[in-house]
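Structure first, commentary second.
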Amino acid sequence: MLLGYIFWRLVWSVPFFFAASLIAFALIQAPPGDFVTSFAATLAQSGDVVDEQRLEALRERYGLDRPFLTQYLLWISGVMRGDFGISFEWQQPVSQLIWERMGLSVALALGTLMFTWAVALPLGIYSAVRKYTVSDYVLTTVGFFGLAMPNFLLALVMMYVAVVFFGADVSGLFSEEYQRAPWSWAKFVDLLKHIWLPIAILGLSSTASLMRIMRANLLDELNKPYVTTARAKGVSEFRLLMKYPVRIALNPFVSTIGWAFPQLISGAVITAFVLSLPTAGPLLLQALLSQDMFLAGAFILLLCCLSIIGMLVSDILLAFVDPRIRYR
Amino acid sequence: MTNPVLEIQNLITEFPTRNGVFRAVDDVSLTVEAGRTLCVVGESGSGKSVTARSVLQIVDHPGRITQGRILLHRHNTARRQGDEDDIVDLAALPARGPEIRAIRGRDVAMIFQEPMSALSPVHTIGNQIVEAIRLHEAISKKDAMDRAVELLRLVEIPTPEKAIKRYTFEYSGGMRQRAMIAMAIACNPSVLIADEPTTALDVTIQAEIIDLLRRLQQETGMGMMFITHDMGVVAEIADEVAVMYRGQVVERGAPLPIFEAPKEEYTQRLLAAVKRLDEPSPRRLAMRAASPPGATALKVDRLAKHFYLSAGLLGLRKETFVAVNDASLELREGENLGIVGESGSGKTTLGRCIQGVHGTTRGAIRFTGRDGRTTDLAKLKENELRPAWREIRMVFQDPFSSLNPRMTVGQIIGEPLLLLRTHSKHSLRQRVCELLDVVGLPQSAYDRYPHAFSGGQRQRIGIARAIAPEPRVIIADEATSALDVSLRIQILDLLLDLQERMGLSFLLISHDIAVIRYFCDRIAVMHRGKIVETGETEAVCSNPTHPYTRSLLSAVPVPDPRQRGKHVRTRYRADAESAA
Amino acid sequence: MTAPDTNTALPEAATEIPDVEHSSQWKLMWWAFRRHRVAVIGGVIVLTLYFVAAFAEFLAPFAPQSTSSQNVYHPPQMPRLFYDTTYDGSGFGLHVRAFSRERDPFTLQTTYVPDPDRVIFISFFAKGTPYRLWGLIPMERRLFTASNPGDRFYLFGADRLGRDMYSRVIFGTRVSMTIGLVGVALALILGVTLGGISGYLGGVTDAVIQRFVELVLALPTIPIWLGLSAALPQDWSPLTRYFAITAILSLVGWTELARVVRGRFLALRNEDFVIAARLDGATRRRVILRHMAPSMASHIIASVTLAIPLMIIAETSLSFLGLGLQPPMVSWGVLLREAQNVQSISQAPWLFIPGAAVVLGVLSLNFLGDGIRDAADPYSEVQTS
């Protein structure tokens, strides 16, 4: 049963992947003019000699004078082989630029996710169990503020507070001496020293929403008959809470974990820009602004893929934790 | 009074609400004796369930016990013979403390009405039973698992070794309740509190569960507090009866005196309703004697309905489910036909097919209209059905969901008339007021919304809507099932009244033989989508020919304690219920 | 009957509100809503914000684009009542203290110090620079402005071009609050149409639409927004851009509404009272409009209210990055662009004020939406079975 479910779910994500890649390609194709022209413009701007032959070769290679679908096929078949094209702005193959930044993005999102869960779930449970008490109201209010405050605004406020009151610069993920250094234990420790603030900033709004959802889910479950049954068996209140309603109220979360993760990565774009983090976000933004097609396309495609994989993981996880799904 | 195990003394349980305190249990005193069954009987809202939950202090928030004692005599149980002073006052223990927890599930266990929702959907049955054992006894997981298998065997669940690894939703309703019972008796409790354990089940399964409980009681000697609204069940199992009404125990005693010479007015009324329901309505018999049923109004010929369940990701894969299989029926003018069957027998689907709510797969529904023309409704599209819908009307089961909460009663009843465009605005109002009168509601109901009415009143509104366009046939699908017994008979009498006045024919769909016997001239018994037997109601009831009908009738509890153990139950196991 | 023994909701409600029996859905909802005090406060703030948006020209003391090189990063001034100065004398009247500019001889940085000698008077309904209300009605009077036409005052400070932040925030309210509303309206049309079709037709159509909704949900929102906005031609007029951005926002935002509509539709379609309406002879149209729509309306209103703040945040983020609305259009996000680097905010922290406006708007919409959602089904208490 379960294996069959996973198999069909896997098969199903293939058309999703192609639909998403088509959308990504359409997006980067949308601005007027072909990108070799803008590439030429970039070159001219930086004072380089514009080599007509090279431009012609590029047009040839990416089939720019051919129809949209052919161009897409050329691009996607390159992507399949790991060739994402070249970045005009950086004059480098895209694949050399993206992986480290994607890696840091993933690390940041992972940290945020763990932070969010560690904080939001206990608080959500607490405020559901202590419904309509002062602490519930306080948590609810904080939650509402967390939801109302855009991440980047919070990042700005944090930076302001750090600069004005502590004289510290909180932007970036590394101290200056490690910025260009190769990876080492010391660099990793340095990363840990810097990453907590972006994590807290990024995590606030998702913590707030997660907490509210957990509270609502749990409140629904707390009055279910199976809770009364368990109580009538003589289960202690804490164990009862954890084993039955919390377990069931958690299901939707387990199922969103794969989905929330890519959302976090793409949600971090703006905050990363404000805090000038060396993650995917600022580079994507820059690529979009300067119409650096292949770079932007690679990021958007990767983010879409992460989302699709996330959905897949979510569905499979849900089938694991909730036996009802498996047998449907 | 020999062996009391549980004594409830002057119990008061209250629910604080926004407008003061609601007293759900008001000065209740009861005694449960070892090896005997106390039946607490009452209609909805009588406080019987809250009383039961008060014993273990698991009353829903914000309810709380404000007064009284709940004494558990542990020395009178199999577990602790001898120790004379081992009495605990459960009401005095803190609700969240370890003392009461040690008693819950061990000395006093409980089973509930809805076995589906009362068991955790994400844990296996085994897990939940093992938990119950290991909470109170220090034994290893493996030993507990073996015990659980034995318990499942004890409650007659087939292949317990496999069943124990299954989830609740893989069990059928009856099996779930058996598992629930296995869990409750896991620690050999002194008292078992059963809160309407058979209400959600079919009668044949109800009979099995009652047999099982009785057998377990004989084997273990536990005292049982059995909560029910069904006097038949009371007559079947009670050693002692307590009748509850509005939070109070109005009458207590042995079943025989209570059934035969009830002292209190409420008990008398309740039993009168039950007894009247146990025989054909004299009114109906008189009506039939005066004017026998006329020509055929509705003829259903080999009707079949298949449902296609979509499966697969795009819903392209189809699975067929046969809900109704070649059903044939005939309803004559001025006649009442009953369709009886258990859940899943296809009786509701049949009713809805005849009404034309959903299309049919095969077969014909020949309806003879007022104009004498006969049409096959099965072939018509929805807009062609409208004239027929004027003459065939429906009364729904659920008086809450069948009335649009956002419309006034006047709008609801007036809707069919409004759409017929036969009345002016003023005469429409007048007509609706007349209809309200006919169904016994005040005219002031016109501008009120459904939420202002109780279940029985809402059902009257539904009936007024049904008779508004002066139909000839009314299909009533479990129209009285959601109501208490005294209301049930009132509604049935109202329908008979309308029949006399308007010359109606009824197709009454019900799982309740008593209701059909009271109301219907002829009966059709449905089982697994097929009509297995049809005939005159009395003839079928007294002399059933099909084995399923026989088993169904033998499973119906008779509200007469003298009949207890006299009739022999037959089981129909053409295809036995299995755990999967 | 599965109703618990404590089914007492009805008499309880009846004693509290005397005429509950004759009360329609909207009245019951209003009573339920009124019990949420925070939601009512949220509603009042939302109404106020939309009022501000509607009469921005009249409420702003100065034109949002009027610059003043004399007043770059002028700090905020508090309105006061009593004054006692050497130059303007002393007395009672609404005014702010004037600031004078000083330049640090070493760092060459400009600082503002309160000038004890002068005050700037403020009068209500005074004539200011002429404007056209809604671009149509020529007017001169403003709710309040400087009594002396040449004077300027800065309740929320000034930006790097000496523009009055207070007036700009007021104009930003118009754009930001309406972009949410228009965006949600577009999303609602898309969502209701697709969700309704999906729910009503069912079968393969439903499956295809559902898969499509899943695909859109799977796409990462922010990169898609960024990509689409970046693809907008730079030479579009501000108004075209405004609508383009709104369309982009709603293109991503409609899925949630479609799911709500479809879910409610499917649930309602099989309700007994809907079947009863069919059997009463009501046409499809009448079943949907008369019998189903009222039950769905309240839920849709709640979802819509909760969707507006998401749109506002999205617009603010896009504009903040420079991909959304462009100056000279003024929105909260455009205003926050001024606060993009640490230097300017540490020098002029009042540039955060548009951010406070965002939080206020989003917070009150969330409270309002939560209140409506809780009140959306006033029958849940009554319908226990």
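Each chain gives up part of its surface: A and B jointly bury about 2500 Å² of accessible area, both sides summed, for a 1.4 Å probe.
For the protein assembly as shown, report the % of Cα-Cα distances exceeding 65 Å. Working shown, then result.
On the way: 185011 of 835278 pairs.
The calculated P(r) of the protein assembly as shown puts 22 percent of pairs beyond 65 Å.
Taking every protein chain into account, the accessible area of the stretch B:348-392 amounts to 50 square angstrom per residue (probe 1.4 Å). Of B:Lys162, A:Lys131, the residue with the largest accessible area leads and the full order is B:Lys162, A:Lys131 (1.4 Å probe).
Rounded to the nearest 20 debye, the dipole magnitude of the stretch B:287-542 is 880 debye, with +1 charges on Lys and Arg beta carbons, -1 on Asp and Glu beta carbons, and the Cα centre as origin.
Peptide A:234-247 has a mean shielding of 4, counted as Cβ atoms of other protein chains within 10 Å of each residue's Cβ.
At a 1.4 Å probe, which residues in the stretch B:374-407 are at least 30 Å² less accessible with all protein chains present than in their chain isolated? Those are B:Glu382, B:Arg386, B:Trp389, B:Arg393, B:Phe396, B:Phe400, B:Ser401, B:Asn404, B:Pro405, B:Arg406, B:Met407, which lose 30 Å² or more relative to the chain on its own. Taking all protein chains together, C:Ser24, B:Ser444 sort by accessible area into B:Ser444, C:Ser24, largest first [probe 1.4 Å]. Rounded to the nearest 20 debye, the dipole size of the protein assembly as shown about its Cα centre is 1720 debye, using +1 on the Cβ of Lys and Arg and -1 on the Cβ of Asp and Glu.
Rounded, prolate or oblate: which fits chain B when a ≥ b ≥ c are the square roots of the eigenvalues of the alpha-carbon gyration tensor, with rounded for a/c under 1.5 and prolate only if a/b beats b/c? Note, shape of chain B comes out prolate. When the Cα positions of A:Ile76, A:Leu108, B:Pro293 are compared along the charge dipole of the protein assembly as shown, B:Pro293 comes out farthest toward the positive end, with charges on each C-beta of Lys, Arg, Asp and Glu.
For chain A, the equivalent ellipsoid derived from the Cα gyration tensor has semi-axes of 44, 27, 15 Å, listed largest first. Kirkwood hydrodynamic radius computed over the stretch B:172-266 comes to 14.4 Å, based on all pairs of distinct alpha carbons.
For B:His123, the solvent-accessible surface with a 1.4 Å probe is about 20 Å², rounded to the nearest 10. Chains C and A together bury roughly 3600 Å² of accessible surface, counting both sides and using a 1.4 Å probe on protein heavy atoms.
The residues of chain A present an accessible area of 46 Å² per residue when probed at 1.4 Å with all protein chains retained. The lysines within cross-link reach of B:Lys142, meaning a Cα-to-Cα straight distance under 22 Å and a gap of 8 or more places when in the same chain, are A:Lys233, A:Lys243, B:Lys162, B:Lys165. In the protein assembly as shown, taking the dipole from charged Cβ atoms about the Cα centre, the farthest positive-side position among A:Ala168, B:Gly338, C:Met292 is held by B:Gly338.
Accessible area ranking (1.4 Å probe, heavy atoms, ligands and nucleic acids excluded), largest first, for C:Leu161, A:Leu312, B:Leu418: B:Leu418, C:Leu161, A:Leu312.
Let me spell out the model: positive unit charges on the Cβ of Lys and Arg, negative unit charges on the Cβ of Asp and Glu, origin at the Cα centre of chain A. What dipole size does that give, in debye rounded to 20? Let's see the in-between values first.
Numbers: 23 positive and 21 negative charges, 417 e Å.
Using Cβ point charges on Lys, Arg, Asp and Glu, chain A gives about 2000 debye.
Within chain C, which complete DSSP H helices have Cα atoms spanning at least 18 Å along the helix axis and a mean Kyte-Doolittle hydropathy of -0.5 or higher? Both cut-offs are met by C:37-54, C:165-201, C:203-218, C:238-269, C:293-321, C:353-375.
How are the C-alpha pair distances of the stretch C:77-153 spread across 10 Å bins, as whole percents from the shortest bin up? Going out from 0 Å in 10 Å bins, the stretch C:77-153 shows 18, 37, 26, 16, 3, 0 percent.
Solvent exposure of the stretch B:117-188, expressed per residue, is 36 Å² of accessible area, with all protein chains present and a 1.4 angstrom probe.
Annotation: lysines with alpha-carbon distance below 20 angstrom to B:Lys379 (same-chain offsets under eight excluded): B:Lys299, B:Lys305.
Hey, how much of the P(r) for the stretch C:149-227 falls beyond 15 Å, as a percent of Cα pairs? Every Cα pair in the stretch C:149-227 considered, those over 15 Å come to 74 percent. Look at the stretch A:264-277: the mean tally of other chain Cβ atoms within 10 Å of its residues' Cβ atoms is 3.
Springs between Cα atoms under 10 Å define the GNM used for chain A, and in it the highest mean-square fluctuation of A:Thr279, A:Thr133, A:Thr256 occurs at A:Thr133. Span-like helix criteria (full DSSP H runs; alpha carbon extent of at least 24 Å along the helix axis; mean Kyte-Doolittle hydropathy of at least -1.0) are satisfied in chain A by A:2-29, A:94-129, A:185-222, A:247-274, A:293-321.
In straight-distance terms, cross-link reach from B:Lys425 covers every one of the aspartates and glutamates whose alpha-carbon lies under 17 Å from its own, apart from those fewer than eight places away in the same chain; here that gives B:Glu415, B:Glu434, B:Asp447. Chain B contacts chain C over a buried accessible area of about 4300 Å², both sides summed; the probe is 1.4 Å and only protein chains count.
Roll a 1.4 angstrom probe over the protein heavy atoms and tell me the percent of accessible area of the stretch A:109-279 that is carbon or sulfur.
Using a 1.4 Å probe with all protein chains present, the stretch A:109-279 comes out at 69 percent carbon and sulfur.
When you count, for each residue, the other Cβ atoms within 10 Å and take the mean per peptide, how do C:348-360, A:266-278 rank with the highest first? Display every interim value, and only then the final one.
On the way: C:348-360: 21.5, A:266-278: 23.9.
Ranking, from highest mean packing down: A:266-278, C:348-360.
The fraction of accessible area contributed by carbon and sulfur in chain B is 49 percent, rounded to a whole number (1.4 Å probe; ligands and nucleic acids excluded).
Across peptide B:450-458, the mean count of Cβ atoms from other chains lying within 10 Å of each residue's own Cβ comes to 4.
For a test of the definition: using alpha carbon positions, the gyration tensor, and the 1.5 limit on a/c, classify chain C as rounded, prolate or oblate. Here chain C falls in the prolate category.
The values are calculated or read from the model by the stated rules, or taken from the named source; none is laboratory data. Nothing here was measured: the structure is a model prediction, and the numbers come from that model. Please note: Cβ atoms are built from the backbone with ideal geometry, for glycine as well, and neighbour counts cover all protein chains shown. We work out accessible area using only protein heavy atoms, side chains counted, and drop any ligands, DNA or RNA first. Shrake-Rupley method; radii C 1.70, N 1.55, O 1.52, S 1.80 Å.
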